[in-house]
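Enquirer: Please see the structure below; I have some questions.
Taken together, the values in this text are just the output of simple stated rules run on the coordinates, not laboratory data. Fair warning: this is a prediction, and the values are worked out from it, not measured in the lab. Virtual Cβ from ideal backbone geometry, glycine too; neighbours counted across all protein chains shown.
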Amino acid sequence: MTTSNTNIRCDNCGTVNAPNTKHCMKCGNPVSNDDRPTYQIQNNIPIPPPPPSYPSKLYPDPPVESRRLFWTPRKIITLSITLLLLLFFIGGGLYLFAFQQGYQQGRSSVQVGVTPLPTATTVPGSTPTFTATSSLTPTDTATTSTSTATTPSGTTKNQDIPCTSCSYKLDIKLTTIVSDTTKQNSTWSFTLTNNDKPINSLYFTTLVLEDNTGQKHQGGGLASTDHWNMSNGQSIQTYATFDVVHGTNYLLNIATDYGAYQTVTISF
């Protein structure tokens, strides 16, 4: 008996059966090798290669351009400088405008209650005279207040005080004494006249008023602090303040850096 190596297909169900099979392994229908196509099983059939892979997109996306920032550091610096310059010019303009307005108002405004300072006219060998002028007219209406203060009273003396030991011919005269009961003091005016060569740095070294009880009162005011340079024939006026209002038999002691003067008795 010859064994065939070809497979047999079933006519009923189409199942391929092994060689020399009498019945179909699936449906049981008789099968025969006679006049039937045979199929040869090949064990080492190569596996076909996989189909080629294609990219998901036929055309790549175009490259995205990077967006440039609008506020670059250079633009920020330029804008900051521009704003600072603008603020500087605006502030300067406002300052100049305010200055001009204030200057014009200051020139056009009228000062009320200004007392002009006296102007001294000095003539060699004479008593200085004082003149005061005012061109201001007050325009404001002020409420007048009642004052109970006592008006200072003055006493004219024109008393020469002779020098006892002077290296220069320097004359001193007591001109007036003004008492102020409100302030409880008195103001003593003196006239100094240089009848010698020029004097440098003249000042009072002693300016004391002694009452009848022996109490001494030190003089204040400009006469106690000022220094003067005097040319020949020049006269100056100064004053001293004492903490006395009135009295009798006051002893006035005066000395300068150029000599001492006679002690005189003053009543006022």
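Enquirer: Check which residues have an amide H placed less than 5 Å from I199's amide H, if you skip close sequence neighbours.
Expert: Placed amide hydrogens put M230, S231 under 5 Å from I199.
Enquirer: Next up: Give, rounded to the nearest 20 debye, the magnitude of the charge dipole that region 164-254 has about its Cα centre when Lys and Arg contribute +1 at Cβ and Asp and Glu contribute -1 at Cβ.
Expert: Charge dipole, region 164-254, about its Cα centre: 180 debye, nearest 20.
Enquirer: Provide Y95, Y239, Y261 in ascending order of the number of other Cβ atoms located within 10 Å of each residue's Cβ, fewest first.
Expert: Listing Y95, Y239, Y261 from fewest to most nearby Cβ atoms yields Y95, Y239, Y261.
Enquirer: On to the next question. Can you list the HN-Hα couplings for region 83-96, worked out from phi with the Karplus curve (6.51, -1.76, 1.60; θ = phi - 60°), rounded to whole Hz and with x for Gly and Pro?
Expert: So the Karplus estimates, Gly and Pro as x, are 5, 5, 4, 5, 5, 5, 5, 5, x, x, x, 5, 5, 5 Hz.
Enquirer: By counting other Cβ atoms within 10 Å of each Cβ, how are T82, T193, T6 ranked from fewest to most?
Expert: Ascending Cβ contact count within 10 Å gives the list T82, T6, T193.
Enquirer: What's the exposure ranking of H23, H217, going from fewest to most Cβ atoms within 10 Å?
Expert: Sorted ascending by nearby Cβ count, the order is H23, H217.
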